[in-house]
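Undergrad: I'd like to ask some things about the structure below.
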Amino acid sequence: MNDDTPLYHADALTAFADALLQKAGLAAPMAAVVARTLVEGDLLGHDTHGLALLAGYVKELESGGMTRDGAPTVLSDRPAAVLWDGMRLPGPWLMEQGMDLLVPRARQLGTASLVIRRSHHIACLAVYMLRALEEDMLMVLACSDPNTASVAPFGGTRAVFTPNPLAMGFPLTQGGVMVDISASITTNGMSNRKRAAGETFAEDWLIDATGKPTNNPQALFDQPPGTLLPVGGLSHGHKGYGMALLVETLTAGLAGHGRADPAEGWGATVYVTMHDLNAFGGKDAFLRQMDHVAQQCRDNAPVDSSKPVRLPGQGGLARRESQMRNGVRLHPSIAAALQPVEARHGLALADARL
């Protein structure tokens, strides 16, 4: 992106996405939540998991792959541990409903967890960490998609896992920390974008079907397909392999639903836990410790003096504030991807421009 890339009003983008989702049949309360979540992804700078997902969501609604209305089925409900069947309802809406359930339980019990099987895609995990900062809680979120695979276990050549993202958020006296990482070096979304643009990665972040390292995302689409490398790459990929197994345990394992079951299409299995800081050492003690660690990180002598050490989420929060004030700069591929669905439903992304 450059300075010539169009700017958009954040509120107008949300209204556009909301209207488009409703045109595709999604219930109005759900459409509002999904639209807001996708735009928040772009505001934070996660532009492969913001409005880049909107065209795909609309197609899922049109095909019946995403459920348009209804409620999750409660499969198990203990005070601090809940299991839902998400009924393939929109992931961002299920997440908001889940956090609404967990926050008061965590205030009462100290910790509360929800696992969701058969959710649809939940978009950008970092967005949900904003709730942790608002509620003065420590939040942990993990997600896998049991319906597809693009990451091989360390030492292998056949895909078993998805990138299996893992996120964490907690407040500081000023701002907060929002970690959003995956067990693979890169993601499917970025690989798809690079391939569509005819680009390669800066380093060998994939292997082909024979195990040969490559920087070309086309390897994922070859027959037989290659795979994304786990975090740690060719030499230390056991680290990302371990992270992938952790996410599978928290999601599919606790849900009792995952890769051992028939695939149903694009979706997610989700794990989320909220911790009330006052239930442990107390909020003040938590902040004293984490403010100290955060300051040690910020004050650390950088390898490159032009790139000071930042906390995870620091850049995203600053970017969000700036884009809320000055306009949102979308990746050029987003407008192009939306053109067919805009035409079908009589809406125009360009109307949201500054």
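Undergrad: Determine the distance separating the Cα centre of segment 107-143 from the Cα centre of segment 172-237; give it in Å without decimals.
TA: Centre-to-centre (Cα) distance: 25 Å.
Undergrad: How about segment 225-328: which GluC sites (Glu not before Pro) there are in a DSSP loop, with at most 15 other Cβ atoms within 10 Å of their Cβ?
TA: In loop regions of segment 225-328 (DSSP not H, G, I, E or B), the sparsely surrounded GluC sites (Glu not before Pro) are E264.
Undergrad: Under 1.5 on a/c is rounded, so check that first for segment 230-285, then, if it is not, pick prolate when a/b is larger than b/c and oblate when it is not; a ≥ b ≥ c are the square roots of the alpha carbon gyration tensor eigenvalues.
TA: Oblate.
Undergrad: Still on this structure, I have one more. Could you work out how far apart the two model spin labels at Q108 and R78 are, taking each label as a point 7 Å from the Cα in the direction of the beta carbon, and quote it in nm?
TA: Placing both labels 7 Å along Cα→Cβ, they lie 1.6 nm apart.
Undergrad: So for segment 210-337, averaging the separation of alpha carbon pairs under 8 Å that are six or more residues apart and normalising by length, what relative contact order in percent results?
TA: 8 percent
Undergrad: Evaluate the relative contact order of segment 15-87 (contact order divided by residue number), counting alpha-carbon pairs under 8 angstrom at least 6 apart; express in whole percent.
TA: Reported relative contact order: 24 percent.
Undergrad: Moving to a separate point now. Only Lys, Arg, Asp and Glu count, each charged at its Cβ (+1, +1, -1, -1), so figure out the dipole size of segment 71-153 about its Cα centre, rounded to 20 debye.
TA: Dipole magnitude for segment 71-153 comes out near 220 debye.
Undergrad: OK, next. Looking at the P(r) of segment 274-339, how many percent of alpha-carbon pairs lie beyond 18 Å? Could you put the intermediate results ahead of the total?
TA: Details: 1383 of 2145 pairs.
Of all Cα-Cα distances in segment 274-339, 64 percent exceed 18 Å.
Undergrad: Still on this structure: Assign unit charges at the C-beta atoms only (+1 for Lys and Arg, -1 for Asp and Glu), then state the dipole size of segment 246-328 relative to its Cα centre in Debye, rounded to the nearest 20.
TA: That gives segment 246-328 a dipole magnitude of about 380 debye.
Undergrad: Indicate the gyration tensor shape class of segment 1-145 (rounded, prolate or oblate), computed on the Cα atoms with a ≥ b ≥ c the square roots of the eigenvalues: a/c under 1.5 is rounded; otherwise a/b larger than b/c is prolate and the rest oblate.
TA: In terms of gyration-tensor shape, oblate.
Undergrad: How long is the gain from H238 to N326 if the chain were fully straight, where each residue apart is worth 0.36 nm and the alpha carbon distance is subtracted?
TA: Roughly 27.4 nm would be gained on extension.
Undergrad: Report, in debye and to the nearest 20, how large the dipole of the chain comes out about its Cα centre when Lys and Arg carry +1 and Asp and Glu carry -1 on their Cβ.
TA: Here the size comes out at about 260 debye.
Undergrad: Of the listed values (i) 23; (ii) 29; (iii) 34, grab the one calculated as percent of Cα pairs over 35 Å apart from the structure here.
TA: So the structure-derived entry is (i).
Undergrad: Between S333 and L246, what's the calculated FRET efficiency when r is the beta-carbon distance and R0 is 51 Å? Round to 0.05.
TA: Working: r = 32 Å, r/R0 = 0.62.
Efficiency at R0 = 51 Å is approximately 0.95.
Undergrad: Probe of 1.4 angstrom, ligands and nucleic acids ignored: what's the accessible area per residue over the chain, in square angstrom?
TA: Per residue, the chain has 46 Å² of solvent-accessible surface.
Undergrad: Could you work out the relative contact order of segment 1-148, using alpha carbon pairs under 8 angstrom and six or more residues apart, expressed as a whole percent?
TA: Contact order relative to length: 20 percent.
Undergrad: Here's another thing I want to ask about it. Any chance you could run the full-extension gain for A209 through A260? It's 0.36 nm times the residue separation minus the Cα-Cα distance, nm to one decimal. List each step's numbers first, then the result.
TA: Details: separation 51, 0.36 × 51 = 18.36 nm, distance 2.30 nm.
Stretched out fully, the A209 to A260 stretch lengthens by 16.1 nm.
The values are calculated or read from the model by the stated rules, or taken from the named source; none is laboratory data. As the structure is a computational prediction, the values presented were derived from the model and not from experiment. Glycine gets a Cβ as well: all are built from the backbone with ideal geometry, and neighbour counts include every protein chain shown. Accessible surface is based on the protein model in full, side chains and every heavy atom, while ligands, DNA and RNA are left aside. Shrake-Rupley method; radii C 1.70, N 1.55, O 1.52, S 1.80 Å.
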